[in-house]
Amino acid sequence: MNKHETGKQRATRIRLNYYRTWTPFDRCKAFLTLLALTMSLGWAAFVFARGDLGSYVFSRGTLADAHAAWNENCSVCHQNFTPIYKRGSGLAFLDKMFPALTASPDTRCQSCHTGPAHHDSQKEESTPACGNCHRDHRGLDINLLKVPNADCVSCHANLEANLKPGYSMRFAKNISSFNPGGNHPEFRIIEKKWQDPGSIQFNHKLHLTPGLVLEAGSPAWTFADIPEVDRAQFGHTPGLDLKTPVSLDCRSCHQLDPMDSRPSPGAYEKIPRGGIFVRSQGNLMLPVVYDRHCRACHPLNYDDGQKGVQAPHRLQPDELRSWLEGVYANQLVQANPEFAKPKRVPPVPLPGKTGQEPEYESARVQVAARVNLAMKTLFFGKKTCGECHFADGEDHPVRKGFTSIPKRIRTGLQAPAGKELKADESITAWFREAAGKLAGQAVFPSIPSTWFLHSRFDHSDHRFTDCKQCHDRAVGSVTKLDVLLPGIESCRVCHGPLKSTATGFSGGARHECVECHRYHHGDNQLQGRGAHDWTPKTLRNLQDLHKALP
Amino acid sequence: MLLNQDNFKEHVPWLAASLVVTVLATGWFFFAAAGQARWPSGSSIPGLTFGLAGGLICLFEFLIWPRKKLRSWRLGKMTTWMRAHIWLGLVAVPLLILHTGFRWGGPLSTILMALFFIVVLSGIWGLVAQQFLPSTMLKEVQAETVYSQIDHVSTQMETEGHKLVTLVCGQAVGEKSEKDMGNSLEDFLVVGAVRKEGLIQGRFVSAKSNLSCVPNSEPLRNFYHQSVKHYLLEGEKGNTGLESTFKARMMFQAVKLKLDTRAYEAVAILESFCDQRRQLDRQARLHFRLHGWLLFHLPLSVALIVLMFVHIFAALKYW
């Protein structure tokens, strides 16, 4: 019971143990704290309990689409407590103290991906791990090949320092920028003034002149001179006068897609399926092929008496001779079926006899004479084999480097003064004699399909520009020796930092190293992505791969 | 105030040290980034260092909680702890931003960073609130008491009010007398009042005498039981109309008109009780503004610390 209130009680307006009491605010704070603790610990436990499936929450970002299947399976690429790429502290003693900093755990990457080494001359410590350049976890749409310049420049700014002892420099020592004024050198093929190693004589100026004539007053080459089936390919449209001079442009021969040849109706069916109509990626120009690009104006007619009959292309002289002998012998047999009947020939010729009937001997000479005449027509004739092809020789550029000029067949085929071509004389034997050391075989054209062996260029990406914008020297080139590639300045017009000039703007297009170069030579014609070096040593089962099993 | 002109000198070394650390860390970060394709990540050497430093700071920041709970251990002066808490917490912001390499990263690191920012921002809000609200409370709440004792003090006022009304109006019919209940009922009353002397103000105990029964003072009893009592016990939640100063004045004025002038003193005391209760309500509101940030700061700090350890483990595992 409450008795009389004491003075102390009256003076005590608050309880002395007030600090031990919990207010609703305190209770709320404690509840929220406990809730946060429980939730965070519970969430962590849940994540760890799920194992690899839960490890996605630790990911620093979504994987690129190529690796998206393993977004929730970290151990496919990561080894526990081992760095995914070389870090290096920059301090030798630290790197030595913690070897994990400089470890290069590429094993997991290379179980699926292999690729040739960049250069065997680079120092081990300068060779990055896969993850150093191909940084993943940056989103689904990230291109892992888009490596920033700094990754390349880290070595190429001072290449000598990153070279193994005993190796010599083959490339520019210091490259740090492609920008105008930067130290990216001129393309070597231009800088060293290399000559075209191809062994096909070709006059660009002649072919790019309307009517294909250089001398005034000479008759122009018109559509009437081209077989009807090929006219459309070279620009003839229905209703156009056949006397119109043919006017070729770059695309008449240099095409990115086989269908660009615009074959006339019916011509497509005549071409063997799977032959030349293989689709290209469009980055490189397709090879110039005689059947599509040359035959219309350069038919291999070999016999004036048999208009329209052409010899097959791609035959060496010996093969061509055999083919011609077959053709003429067949014609002779068809004209005189008696030759086809079997004759009894004594095993041992009678004394004073050759063993051959005179009419057979006459036929043989007749065929040989016609063959020789046809060979002469083909090799010496205008617009046929000798017009373009070279003979094989010991100094062929393929073996000696891109410096020497192969000799042309026609040079060696000039008959010595006063010497007549006899009917029974093998033109190929005569050709060998005249050509001296030459082997008498027509040289494979060897027209480079790729000029830049250490970089790439995609023609289809540049199709919006006039070819002559970059290949301007083609219009005036009269010899096959000219390399008609543009120099680096031509690229820098667009590829560089955007800046205003007196005439407007220049630059603005991408100009990173990887725009043209690939570290693993994926675009090198000798080490393309289909090369054996790109195939992993051990092939894997798809199900195992997806489950990250070894 | 945690920061004012008087104690700013004590903050200067912390401020200078924080700036130096920030500048050095930023310089190292950009030096390491020079010539690199990307900002140094959290696993780079500078990034790792910043992460380690930031993590240790977070742990230290968290220790202020046990420090407060274990006052008797006297682990350094609380003001020093608080200065360290403020400045190291602010230094952790640039360090941990540099640790991220300006990337949010995946789910865990994003959550961690979001928690960190909320904790820091709530802390800054608390710091700002500590700068202004105490002086506001001093001005506006002269009857300030210990926050946890507001209900207790209100009950006291209601008890005093009840005695006062009984003294002035007499025992109501059917109501047990104070003497019957064993309580004293003297002809004086001790009440809590608010007084200001110079710069000192506060609530004190005041004895009122000569309070005697006033005839025809039934309206006061009715008014007390209908409005004042509920307001004193429940405050704003009572919804009696007394929560408004102006309305309360009108209501008390109206009661006075019905009473003898001898009862006016009692009315004034009841009005004073209501005014004190109004101030206590105001105190409760200001208290929430002053400490409400802790409802975010503390729980999220706990979650931050737990997830930080998870992050450290995961980062080392999937390095």
Legend entry - Modelled FRET efficiency - R0 30 Å, residue A:228 with residue A:455, Cβ distances, 0.05 increments: 0.10
Legend entry - B:11, B:162, reordered so the largest accessible area comes first (probe 1.4 Å): B:162, B:11
Legend entry - Angle between chain B longest axis and helix B:294-317 axis [Cα atoms, degrees, rounded to 10]: 20
Legend entry - residue A:141 versus residue B:60: modelled label distance in nm, points set 7 Å from Cα along the beta carbon direction: 4.4
Legend entry - Average accessible surface area per residue within chain B, 1.4 Å rolling probe, Å²: 52
Inset, instruction - Divide by every residue of chain B the summed helix terms, -39500 (n - 2.57) for each DSSP H run of at least 4, and state the resulting mean residue ellipticity at 222 nm, rounded to the nearest 500 deg cm²/dmol. - result: -22000 deg cm²/dmol
Inset, instruction - Note down the relative contact order for chain B as a percent, whole number, built from C-alpha pairs under 8 angstrom at least six residues apart. - result: 21
Inset, instruction - Amide H neighbours of residue A:175 under 5 Å, at least 5 residues apart or on other chains, H built in the peptide plane: list them. - result: A:157, A:158, A:159
Inset, instruction - Please give the per residue volume of the convex hull enclosing the alpha carbon atoms of chain B, rounded to a whole number of Å³. - result: 197
Legend entry - Acute angle (nearest 10 degrees) that the helix B:45-62 long axis makes with the longest principal axis of chain B, alpha-carbon atoms: 20
Inset, instruction - Evaluate E = 1/(1 + (r/R0)^6) for residue A:190 and residue A:362, where r is the Cβ-Cβ distance and R0 equals 60 Å; express this FRET efficiency to the nearest 0.05. - result: 0.45
Inset, instruction - Treating the Cα atoms of region B:236-310 as identical point scatterers in vacuum, please give the log10 of the normalised Debye intensity I(q)/I(0) at q = 0.13, 0.16 Å⁻¹, two decimals. - result: -0.57, -0.70
Legend entry - Net lengthening on full extension, residue A:48/residue A:475 (0.36 nm per residue, minus Cα-Cα): 146.7 nm
Inset, instruction - Leaving ligands, DNA and RNA out of it, work out the accessible area of residue A:303 with a 1.4 Å probe and give it in Å² to the nearest 10. - result: 30
Legend entry - residue A:216 versus residue B:117: modelled label distance in nm, points set 7 Å from Cα along the beta carbon direction: 7.8
Legend entry - Difference of contour (0.36 nm per residue) and Cα-Cα distance, residue A:465 to residue A:289: 61.0 nm
Inset, instruction - Note down the relative contact order for region A:146-224 as a percent, whole number, built from C-alpha pairs under 8 angstrom at least six residues apart. - result: 15
Inset, instruction - Take the alpha carbon atoms of region B:232-305, find their center, do the same for region B:103-176, and report the distance between the two centers in whole angstrom. - result: 11
Inset, instruction - Would you calculate the separation in nanometres between label points at residue A:172 and residue A:251, each defined as 7 Å from the Cα along the Cα-to-beta-carbon direction? - result: 3.3
Legend entry - Area hidden from solvent between A and B (accessible, protein heavy atoms only, 1.4 Å, total, Å²): 4400
Inset, instruction - Would you tell me the accessible area of residue A:532, worked out with a 1.4 angstrom probe on the heavy atoms of the protein chains, in Å² to the nearest 10? - result: 150
Legend entry - 5 angstrom amide H check on residue A:163, placed H, neighbours 5+ away: A:123
Legend entry - Peptide A:25-37 - average C-beta neighbours from other chains (10 Å radius): 5
Legend entry - Cβ-Cβ FRET estimate between residue A:75 and residue A:31, R0 fixed at 56 Å, reported to 0.05: 0.90
Inset, instruction - Determine the order of A:323, B:104 by accessible area, beginning with the largest, at a probe radius of 1.4 Å. - result: B:104, A:323
Inset, instruction - Distance check, please: which entries in B:68/B:237; A:382/A:480; A:307/A:382 exceed 24 angstrom between their Cα atoms? - result: B:68/B:237
Legend entry - Pairs beyond 26 Å (Cα-Cα), from A:164/A:193; A:173/A:468; B:163/B:256: A:164/A:193; A:173/A:468
Legend entry - Most to least accessible of A:302, A:519 (protein chains only, probe 1.4 Å): A:519, A:302
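The values are calculated or read from the model by the stated rules, or taken from the named source; none is laboratory data. Nothing here was measured: the structure is a model prediction, and the numbers come from that model. Methodologically, a virtual Cβ is constructed for each residue, glycine included, from the backbone with ideal geometry; neighbour enumeration extends over all protein chains shown. When the accessible area is computed, the model is the full protein with side chains, heavy atoms only, and any ligands, DNA or RNA have been set aside. Shrake-Rupley method; radii C 1.70, N 1.55, O 1.52, S 1.80 Å.
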